[in-house]
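Only the coordinates and a few stated rules stand behind these numbers; no lab work does. Since we're looking at a predicted model, the values are computed, not measured. Don't worry about glycine lacking a Cβ; one is built from the backbone with ideal geometry, like all the others, and counts go over all protein chains shown.
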Amino acid sequence: MTISKELFKEKFMDMLTEKYALSVEEASPYDLYTTLATLIRATYAKDWGITRRAYNTTHEKQVYYFSIEFLPGRMMKSNLLNMGWLDTVEASLKDLGIDLEDILEIEPDMALGNGGLGRLASCFMDSIASEGLPGNGNGIRYKYGLFKQKFIDGYQVELPNEWLSRGNTWEVRRDSKAVTVKFNGHAYLKELEDGSLVPIHENPTVVRAIPYDTGMVGYQNGTVNTLRLWDAEIPLEEEINYRSIQQRREIEDLTSVLYPDDSNEAGRRLRLMQEYFFVSAGTQSIIRHFKANGYNLNNIDEYVAIHINDTHPAMCVPEFMRILVDEEQMNWERAWALTIKVMSYTNHTILAEALEKWPVEMLRSVQPRIYQIIEEIDRRFVEQMTGTIDWGIIERTRIISNGIVHMAHLAIIGSHSTNGVAKLHSDLLKNVVLHDFYRLYPSRFNNKTNGIAERRWMQLANPTLSHLLDETIGTSWRFEASDLYLLMNYKDDKKVLHALAKAKQVNKTRLAKFIEKETGVIVNDHAIFDVQIKRLHAYKRQLLNLLHIIKLYLDLKEDPKKKIQPRVFIFGAKAAPSYHYAKAIIKVINELANLINNDESIKDQLKIVFLENYSVSLAEKIIPAADVSEQISLASKEASGTSNMKLMLNGAITLATLDGANIEIRDAVGDDNIVIFGLTEAEVYAYYEQANYRAFEYYESSVELRKVIDALIDGTIPNSSQEGIEIYDSLLKYNDEFFVLRDFADYVAAQEKVAHLYSDQEKWLKMSLINIANAGRFSADDTVKKYAEDIWRIKPNKTPQQV
Ligand code: 26Q
């Protein structure tokens, strides 16, 4: 798909007339945005149809990626890039007096996710399409995206994110593909005259699930896959049964909000209903589609793979069984064998509080038939295992115990593959967290280290560096991320290193302007831009970063003549609205920022910027300008991390613990090109075993640390005494769950090393280059290829490419 400037301009102006009867001069930026979006969609629509028909006629196996979150961010620039239109459109609009960048800013982020898990799902959608793989996304069309974050008096305040209020050009509502989903009521087995039993679901609440499809445009390969998101409505024929406002509200609420917790299992009934809603709608629509196309359900595993992204869609297992057994009259054993072959599951966390568990009574009341099927799966599991292994293992691995349904157990028992998202994480699953399951099913366990869509995180976010790469190593890296390795040939090339420095400076200056516009804070764009961007969570240890900044501040106050390597500490983070402690950290960082940024004596040496409303589009502005990438979670807690990969790709130096994918980044770049500190996972586990961590001892024995901790409560940081006390107590009264004090000294030393390295610019630039050159191994293109080969067993679409 290429287009000439002339043709594009003609089509664009025709569309503007058609849609709004306006000329370019008369149109508002919003009019221009929707016009361009409409034209883009109309253009890829042809390939979208061709792709769908190709999948239907070739009968190739397809994967359905079920995820309760998708976090694509903005779509326009990505679609333009993938269509091969970006440069032409930019130049053509310029001719018309329009700045493409201004138009892009109009688009609201599609933020139907919290963080890593949802963003990973969207990187995968991009990569699946770009690899020409037959793959579909399946999720929920939340009316409100992840809340908008504002700071008021330094406190996080959440505002609704009405991303659909002006419509959404990318989606297509498909009424003809609606299905019905049943909740509530009562389920039992009725005995027929011939003695057979049929399942009956009495008095259910019936909901109509309507799909909204969005094209997922592959990178210049003619493939356009589908992301299908479901909305809930009251079925026309059921209107009579929805008489009270409350009954109607329950349906409206179903797809209204995304739960804003990214690690804490809230146990809410509505959340469980959301899970069953998109699972049931998606599974029904898959089976209906394959039946309608004449496939035999007896070998559906040759045509369909269903991926369960974390446990939120784990009810795919009983729902698939329900359809095969109840609706298609397949026998249980056959249906179960097929279910296991079709399903696969990814685990994204080992934090106990994030593992989904539902009370039996709640699950039974939300979907009584599904509960019965889970009970039967559990009964057969126990029966099959009895006598073959210790009873203790069976008790710990069964799905239902003590009135609780364990969703991870359901996902593991009901699928052929369980994977972790980085080597360390997968090892911990096998050896610790899911060890009992590993003993039962060793061959089901595997690792698939996460990856990122290099197109968005380099080509779109960092055009400056992209052009430099083109000039230096050619353009093949745009198709094959591993070709970034060609840059290694230039690691001692002064000219290239100098150009790299210039590119980074352009990005830093741009971010500095943005910061000034957004916050009023003027930052020194020659300072180290030190970035920590991720959800706010105790285990991610934004607190460690904060304590180090306090230390720098105290040092400067104590010795006004002291010179340090100037720094700008940049934060971006949302806290779950109910996560009180995380919000306290935000407040203290904001108050410290206020203090330091307004302290004349500090001058340009230290600034703190906490940017509001961290999001995909904000990440795209921050990441290209980063010098230092803070990846400082307590070892063993961060399953993988993906901002670590994005920052590395953009030439930031990683300052990290040996956690998640940081370990693989270290292996890729070598010890000299990353700064590692802190406890290892083995040391953390040794503390757990010996129960011998005493945070207080670190406080007591280090004057330096004591000064820093005391600053939390002695009034040094204004307007945050309550929060200061809470944090102080978490460290000293509650013994510092995440070993912040234990790692403090090591972190300070690592930060000193960073400052020292930065002072030798040539060395720093070489490190930066080596990071960029080795980032190709974290391409999501490769990650999804591995999923495709090892787990889903799907092959790239063979139809002729329409480039
Ligand atoms: C569960 C139950 C009830 C309500 C909410 C949840 C819930 C929601 C979201 C639990 C977890 C999440 C999200 C988890 C997540 O984003 N995990 C991250 O996944 C990334 C992609 O694999 C990893 O890189 C990160 O390390 C991991 O933290």
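Tell me which of L618, L544, Q605 sits at the most positive position along the dipole axis of the stretch 525-644, charges placed on C-beta atoms (Lys, Arg +1; Asp, Glu -1).
Of the candidates, L544 comes out farthest on the positive side.
Taking neighbour counts of Cβ atoms within 10 Å as a proxy for exposure, in what order, fewest first, do H307, H186 appear?
Going from least to most buried by this count: H186, H307.
Using alpha-carbon pairs under 8 Å, 6+ residues apart, how would you state the relative contact order of the chain in percent?
14 percent
Starting from the amide H of R567, placed 1.01 Å from N in the peptide plane, find each other amide H under 5 Å away whose residue is 5 or more places distant or on another chain.
I528, L606, K607
Per residue of the stretch 23-28, in order, report the coupling 6.51 cos²θ - 1.76 cosθ + 1.60 (Karplus, θ = phi - 60°) as ³J(HN,Hα) in whole Hz, putting x for Gly and Pro.
Rounded to whole hertz, the list is 8, 4, 5, 7, 7, 7.
Sorting H289, H406, H467, H548 on the 10 Å Cβ count, fewest up front, what's the list?
By the 10 Å Cβ count, ascending: H467, H289, H548, H406.
Where in the stretch 288-341 are there GluC sites (Glu not before Pro) that are in a DSSP coil and have at most 14 other Cβ atoms within 10 angstrom of their Cβ?
Taking the stretch 288-341 and a limit of 14 other Cβ atoms within 10 Å, the loop GluC sites (Glu not before Pro) found are E328.
I'd like the trypsin sites (Lys or Arg not before Pro) in the stretch 516-593 restricted to DSSP loop residues with at most 15 other Cβ atoms within 10 Å, sorted by number.
In loop regions of the stretch 516-593 (DSSP not H, G, I, E or B), the sparsely surrounded trypsin sites (Lys or Arg not before Pro) are K561, K562, K563.
By the scheme Lys and Arg +1, Asp and Glu -1, what is the net charge of all other residues having a beta-carbon under 14 Å from that of R694?
-2
Evaluate the charge dipole of the stretch 454-778 about its Cα centre and quote only its size in Debye, nearest 20, assuming +1 on the Cβ of each Lys and Arg and -1 on the Cβ of each Asp and Glu.
960 debye
Only counting other Cβ atoms within 10 Å, I'd like M216, M125, M362 sorted with the fewest neighbours first.
M362, M125, M216
In whole Hz, what ³J(HN,Hα) sequence does the stretch 590-604 give by Karplus (6.51, -1.76, 1.60; θ = phi - 60°), x for Gly and Pro?
For the stretch 590-604, the Karplus curve yields 5, 6, 5, 4, 4, 4, 5, 5, 9, 8, 3, 5, 7, 6, 8 Hz.
Specify the inter-centroid distance of the stretch 529-590 and the stretch 234-252, based on alpha-carbon positions, in whole Å.
Each part reduced to its Cα centre gives a spacing of 49 Å.
Rounded to the nearest Å, what's the spacing between the alpha carbon centres of the stretch 729-786 and the stretch 486-515? Just the number, please.
Rounded to whole Å, the Cα centres lie 20 Å apart.
I'd like the distance between the alpha-carbon centres of the stretch 322-399 and the stretch 592-612, rounded to an integer number of Å.
If we compute the Cα centre of each part, the gap is 54 Å.
Taking the Cα centre as origin and putting +1 on Lys and Arg beta-carbons and -1 on Asp and Glu beta-carbons, what dipole magnitude results for the chain, to the nearest 20 debye?
Once rounded to the nearest 20, the dipole reads 880 debye.
Put +1 on the Cβ of each Lys and Arg and -1 on the Cβ of each Asp and Glu in the chain; which of A305, F8, I515 then has its Cα farthest toward the positive end of the dipole?
F8
Give me, ordered by chain and number, the residues 5 or more places off F739 or on other chains with an amide H under 5 Å from its own placed amide H.
Distant-sequence amide H within range of F739: zero hits.
N719: net charge of surrounding residues, Cβ under 10 Å, Lys/Arg +1, Asp/Glu -1, itself excluded?
Net local charge, N719 excluded: -2.
Let me check against my output: what whole-number percent is the relative contact order of the stretch 454-778, with C-alpha pairs under 8 Å and at least 6 apart?
23 percent
Can you give the extra length, in nm with one decimal, that the chain gains between D175 and L159 once fully stretched, where that is 0.36 nm per residue apart less the Cα-Cα distance?
My answer for the length gained is 2.6 nm.
Residue by residue through the stretch 691-704, what is 3J(HN,Hα) from phi via Karplus (6.51 cos²θ - 1.76 cosθ + 1.60, θ = phi - 60°)? Round to whole Hz and write x for glycine and proline.
6, 10, 7, 10, 4, 4, 4, 5, 5, 5, 8, 10, 4, 4
Shape call for the chain from the C-alpha gyration tensor, a ≥ b ≥ c root eigenvalues: rounded (a/c under 1.5), prolate (a/b greater than b/c) or oblate?
Oblate, because a/c is 1.5 or more while a/b does not exceed b/c.
Local charge sum around L197 (other residues, Cβ-Cβ under 14 Å, Lys/Arg +1, Asp/Glu -1)?
After counting each charged neighbour, the total is -3.
Could you calculate the FRET efficiency of V382 with Q247 from 1/(1 + (r/R0)^6), where r is the beta carbon distance between them and R0 is 35 Å, rounded to 0.05?
For R0 = 35 Å, the calculated efficiency reads 0.35.
How high is the FRET efficiency between R793 and R334 when r is their beta carbon distance and R₀ equals 22 Å, given to the nearest 0.05?
Rounded to the nearest 0.05, the efficiency is 0.65.
Distance check, please: which entries in K341/K534; K143/K182; K540/K587; K19/K574 exceed 28 angstrom between their Cα atoms?
Over 28 Å Cα-Cα: K341/K534; K19/K574.
Which residues' amide hydrogens lie under 5 Å from the amide hydrogen of M343, considering only partners 5 or more residues apart or on another chain, with H built in the peptide plane?
The list, which skips near neighbours in sequence, is I306, H416.
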